[in-house]
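The numbers here are math on the coordinates, done by the rules we state, and not lab data. Just so it is clear, the structure is predicted and the values come from calculations on it, not from any experiment. Here the Cβ is made from the backbone with ideal geometry for all residues, glycine too, and neighbour counts use every protein chain on show.
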Amino acid sequence: MSRPSARSVVKEIATGFVDLDVRRSDEPDDGPIAWPGYRAAREAASKRSGEDESVLCGTAEIGGVEAVVIAFEFGFLGGSIGQRTGDRVEAAFARAVESRLPVVSLIATGGSRMQQGMRALSQLQRIARAAAGARSVPQISVLRDPTTGGGWATLGASADVILALPEAQVGFAGSRVRPADAPAEAYTAEAKLAWGQVDRIVPPAALPGVLERWLRLLTSPTTEAADPPHALGSAGLPDSGWAAVQAARAADRPRAAEYLDAYFEWREDVSGDRCGGVDSGVLCGFGWRGGRTIAYAAQCGTATLPAGFRTAARLVRLASRLGIPVLTFVDTPGAANDAAAERAGAGAAIAELFEAIAGAAVPITTLVIGEGGSGGALAFAAPGSTWVTPNAYFSVTTPEAAAAILKLPADEVPALADRLRLRPQDLVELGIARSVVGPADRG
């Protein structure tokens, strides 16, 4: 199977690529463990690929944004990671930190180089240390075919944003070492997207534009808090608690996607909790508004799954690290509370988001746009910086759940909604919300 060279891949997405000048580790011609024929294999790989190592590292411009680029050359011993690969990757991250440049890794590797034994495997620790030391700059990985072994378990899976080419082979186990009965589809970019381990699959033709957008988003920090969005829909306040609940539950009420589309000029989503889960009822990502970037984590009106809380926590931690303010939208009847949610660690996931928001080093703005059901809603809210729309409510729990807890009959639910003081205006009086937002001025 013919694969494009690393330099041709870089040329497709970037301009002005300049190789880094990297000091190479001393290495005997036959490698650190004197592997028979290693020198000849390297020479043949160099002649075939036109490169002297399995990775190119340099600086380039992607859509006008300067970045450090790490590009694997699969034609050189299968893009395998050896000692000199580690030299180059380490130098690339050092340059990124020194120059405050984002890192884009274009990965195509079969893993560690067998002919170097443990010296090759130990490069994974070196690469992980270099990437960890560069957390002050954005890191984006692009998973090409294949991305397996240590390439996936270091540069690939550890990046802030993970993009993948369609049908790329992605997995820790390469095709020659995985179980014979393992389904091939489990080792694809599409599977990793479904399992919350990849943010987006991008066709090659679209990759330059997508990378440009991501680089613009992640390199535009600001200290200014996000303004709360204007309310969409009805501007009238409910006259009772039960009316507030009914308004929040109305099928035609504006939802998070509508608010995001109205608020941002354009945006890019992240997807998944990186440990096997995706919650389609939570939208997270970064958006462009008025020349600056704002991160968002939005509930979409469904019971929030553990994966949703973990994805939101991932988003908040990333935004905090990069100096990007966050906007959250509260809209859920509550956290999912079935057996599957408990098995997936609902309590720990909610705690993770509470902690991420409590420890954020950037301002967080919250707008309650629908149902605010108990702790599953509160986990998305910023203390002291929460606003509410007229067709929303926020409560210690839903009126129905409160009735069940207090052993009250179902016909008392509407009256109980009043006693819970969950209307928008009640939330302002109680100091939970700063104010009720109105619709945009159309005049």
**Asked** If each Cα of the chain is one equal point scatterer, what is log10 of I(q)/I(0) from the Debye formula at q = 0.10, 0.11 Å⁻¹?
**Response** -0.74, -0.85
**Prompt:** Any idea how far apart ARG7 and VAL428 come out in nm if each label point goes 7 Å out from Cα toward Cβ?
**Reply:** 6.5 nm
**Asked** Of ARG23, ARG274, ARG249, how do they rank once you tally other Cβ atoms within 10 Å and put the fewest first?
**Response** ARG23, ARG249, ARG274
**Inter-label distance for ASP26 and ASP418, nm, one decimal - labels placed 7 Å from Cα along Cα-to-Cβ** = 8.7 nm
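Can you figure out the FRET efficiency of ALA348 with ASP261, using R₀ = 51 Å and their beta-carbon distance, to the nearest 0.05?
After rounding to 0.05, the efficiency reads 0.95.
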**Request:** List every residue whose amide H lies under 5 Å from the amide H of VAL270, counting only residues 5 or more places away in sequence or on a different chain, with H placed 1.01 Å from N in the peptide plane.
**Result:** CYS284, GLY285, PHE286
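If you take the Cα atoms of the range 183-256, find Rg, then find the Kirkwood Rh from the mean of 1/r over all pairs, what is Rg/Rh? The partial results should precede the final answer.
Numbers: Rg = 20.9 Å, Rh = 17.5 Å.
Reported Rg/Rh (Cα atoms, Kirkwood Rh): 1.19.
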**Prompt:** So if R0 is 22 Å, what FRET efficiency would ASP19 and ALA205 give, r being the distance between their Cβ atoms, rounded to the nearest 0.05?
**Reply:** 0.25
**Asked** For the residues SER46, SER25, what sequence is obtained by ranking on other C-beta atoms within 10 Å, fewest first?
**Response** SER25, SER46
**Fill in**
The FRET efficiency for ALA404 and MET114, from their Cβ-Cβ distance with R0 = 60 Å and rounded to 0.05, is 0.45
**Item:** For ARG423, net neighbour charge (Lys/Arg +1, Asp/Glu -1) across residues whose Cβ lies under 12 Å away
**Value:** -2
**Request:** Please tell me the relative contact order of the range 241-429 in percent, rounded to the nearest whole number, where contacts are Cα pairs under 8 Å and at least six residues apart.
**Result:** 22 percent
**Asked** With contacts defined as alpha carbon pairs under 8 Å and 6 or more residues apart, what's the relative contact order of the chain in percent?
**Response** 11 percent
**Prompt:** Can you put ASP52, ASP145 in order, fewest other beta carbons within 10 Å first?
**Reply:** ASP52, ASP145
**Rounded to 10°, Cα long-axis angle of helix 38-49 versus longest principal axis of the chain** = 70 degrees
**Asked** Relative to the present Cα-Cα distance, how much length would full extension add between VAL396 and VAL97 at 0.36 nm per residue of separation?
**Response** 103.1 nm
**Request:** Please report, in whole Å, how far the alpha carbons of the range 6-218 spread along each principal axis, starting with the longest.
**Result:** 48, 45, 30
